[in-house]
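All remarks here apply to the structure that follows.
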Amino acid sequence: MKALVLAGGFGTRLRPLSCTRPKMLFPVANQPLLDWTLKNLSEGGVDTVILAVNYMAEALVRYLGPTKFDLGIIYSREERPLGTGGPIKKAADLLQNGGPFLVLNGDVISDIDYRRLVEFHRRKGGLATIALFQVPDPSRYGAVELDGEGRILRFVEKPEPGRAPSNLVNAGIYVLDPKVIDYIPEGRSVSTENEVFPVLAKEGALYGYEARGLWMDIGVPEDYLRANGLLLAKLDGVQVGEKSKVDSSAEVLPPSSIGAGVEVGANSVIGPNTSIADHVHIGRGCRIENSIIFPGATIGDYTSVRNAIIGENATLERWVKVESGSLIGDYAVIADGVTITQGVSICPSKRVEESILEPRQVM
Ligand code: GDD
Ligand code: MG
């Protein structure tokens, strides 16, 4: 079975983190998001993945190459972003012949059982089946109205608060019959959610499969951090990579993962729900909690990082505080004594010398 993974597009609050690393390669529990996805696809009976790429395509090609986890990987490159539907049309030659195929949003992480989803799709005999998860606030997603048979009567993309037909949302995981390709216009950007699903729903050919378990779209810092914490909890305990030196007076609280070649200084406390990538240097007396630190970052003495994401090779000097959903971009430098809080995003390579205490993006 084939799967097309949507790995392009720009719109994400996490974008300021990196100019070189697409979000599908952001680490979740110290492993790129895409690895989790590909592993689960491989276990779910998929043999070939078509990766629909545009923005930062080369980084993906370089990282994955032609095969991974026993999957053949084919790259479908868009000159211009084609949205969520256009890439399916573009890959029509690869998808047309044969049975149903999977389509996935590349920015979601889940432990869904693809075999069950495909089995449900075949049993219902519709043209498309959407995997659905229950969420507290459906307004950031596509929400559906289901009938007793599992048929989707209505599909509403990004419903206004209070106007969603239910709390069951599109997981960004679909099984499509090749006939669905005919519903997608050619040569332009197409939104499957706005242009294809509502039509299929009207025709009674769209089904919804309610899945349970782990599912998250990592598009905003809070969810990215939560996904990281949940996967760390699945790995259980504390992992420490090769050649890492954690001072005997430092503590690592589970669940946490520390990569290879990491140094942690005296009296620092790391965790819970924290992943520290390879070659990160952490000084003495630091506190790092519920956070993700990308490779090569330097964290100076007495600095604290809570509910935050620190990009590759970024430097936090001494007595720095980074908190509350803030992002520090790759190679950025936060000077001694600065506090960054309330969802602030610092773009790559910036130097910040004064505290920022209200939500804003520093370009
Ligand atoms: N190749 C390619 N080209 N991929 C794209 C493009 C593009 O032009 N535009 C977006 N993508 C990819 C994104 O990288 C992401 O993996 C996926 O398509 C969905 O785009 P998002 O921008 O993340 O959409 P969303 O999160 O607001 O909403 C979508 O996902 C929700 C679930 O997470 C919708 O499908 C919702 O209905 C759904 O509930
Ligand atoms: Mg998304």
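The values are calculated or read from the model by the stated rules, or taken from the named source; none is laboratory data. These numbers were taken from a predicted model, which means no experiment stands behind them. Cβ coordinates were reconstructed from backbone atoms using ideal geometry, including for glycine residues, and neighbour counts include every protein chain displayed. Only protein heavy atoms, including side chains, enter the accessible area calculation; ligands, DNA and RNA are left aside. Shrake-Rupley method; radii C 1.70, N 1.55, O 1.52, S 1.80 Å.
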Residue set 312, 323; condition in contact (Cβ under 8 Å) with a residue 40 or more places away in the chain, crowded, with 19+ Cβ neighbours inside 10 Å and either assigned by TED's automatic domain parsing to the domain that holds residue 250 or more than 17 Å from residue 17 (Cα to Cα) (or both); output residue 312
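Could you check the range 287-337 and list, in sequence order, the residues that are of a type in the set (Asp, Glu) and part of a strand (DSSP E or B)?
So the first thing to find is which residues in the range 287-337 are of a type in the set (Asp, Glu), and the list is 289, 301, 312, 317, 323, 330, 336.
Hit for the range 287-337 is 289, nothing else.
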Inspect all residues belonging to the range 223-236 and state whether any of them is open to solvent by less than 20 Å² (accessible area, probe 1.4 Å) and in a loop (DSSP other than H, G, I, E, B).
no
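In the range 125-139, which residues are assigned to a strand (DSSP E or B), aliphatic (A, V, I, L, M) and within 16 Å of ligand 2 (Cβ to nearest atom)? It would help to see each step written out before you state the result.
Of the residues in the range 125-139, the ones assigned to a strand (DSSP E or B) are 128-134.
Narrowing further to those that are aliphatic (A, V, I, L, M): 128, 130-132.
Scanning the range 125-139 gives 130, 131, 132.
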Could you please find all residues in the range 1-16 being out of contact with any Lys or Arg (no Cβ under 8 Å at 6 or more places or on another chain) and assigned to a loop (DSSP other than H, G, I, E, B)?
1, 7, 8, 9, 10, 11, 13
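If I filter the range 54-68 for residues that are aliphatic (A, V, I, L, M), open to solvent by 30 Å² or more (accessible area, probe 1.4 Å) and at pLDDT 95 or above, do I get at least one hit?
If we filter the range 54-68 for residues that are aliphatic (A, V, I, L, M), which is where we start, we get 56-57, 59-61, 64.
Remaining after also requiring open to solvent by 30 Å² or more (accessible area, probe 1.4 Å): 56, 61.
Okay, now just the ones that are also at pLDDT 95 or above, so 61.
Within the range 54-68, one or more residues are aliphatic (A, V, I, L, M), open to solvent by 30 Å² or more (accessible area, probe 1.4 Å) and at pLDDT 95 or above.
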Meets criteria (under 21 Å from the mean Cα position of the chain (by Cα), within 16 Å of ligand 2 (Cβ to nearest atom) and in a helix (DSSP H, G or I)) for residue 81:
no
Among residues belonging to the range 99-124 that are touching a Lys or Arg at 6+ places or on another chain (Cβ under 9 Å) and open to solvent by 60 Å² or more (accessible area, probe 1.4 Å), point out the one that is nearest to ligand 2 (Cβ to nearest atom).
111
Top-ranked residue in the range 17-50 [being of a type in the set (A, V, I, L, M, F, W, C), crowded, with 19+ Cβ neighbours inside 10 Å and assigned to a loop (DSSP other than H, G, I, E, B); ranked as farthest from ligand 1 (Cβ to nearest atom)]:
29
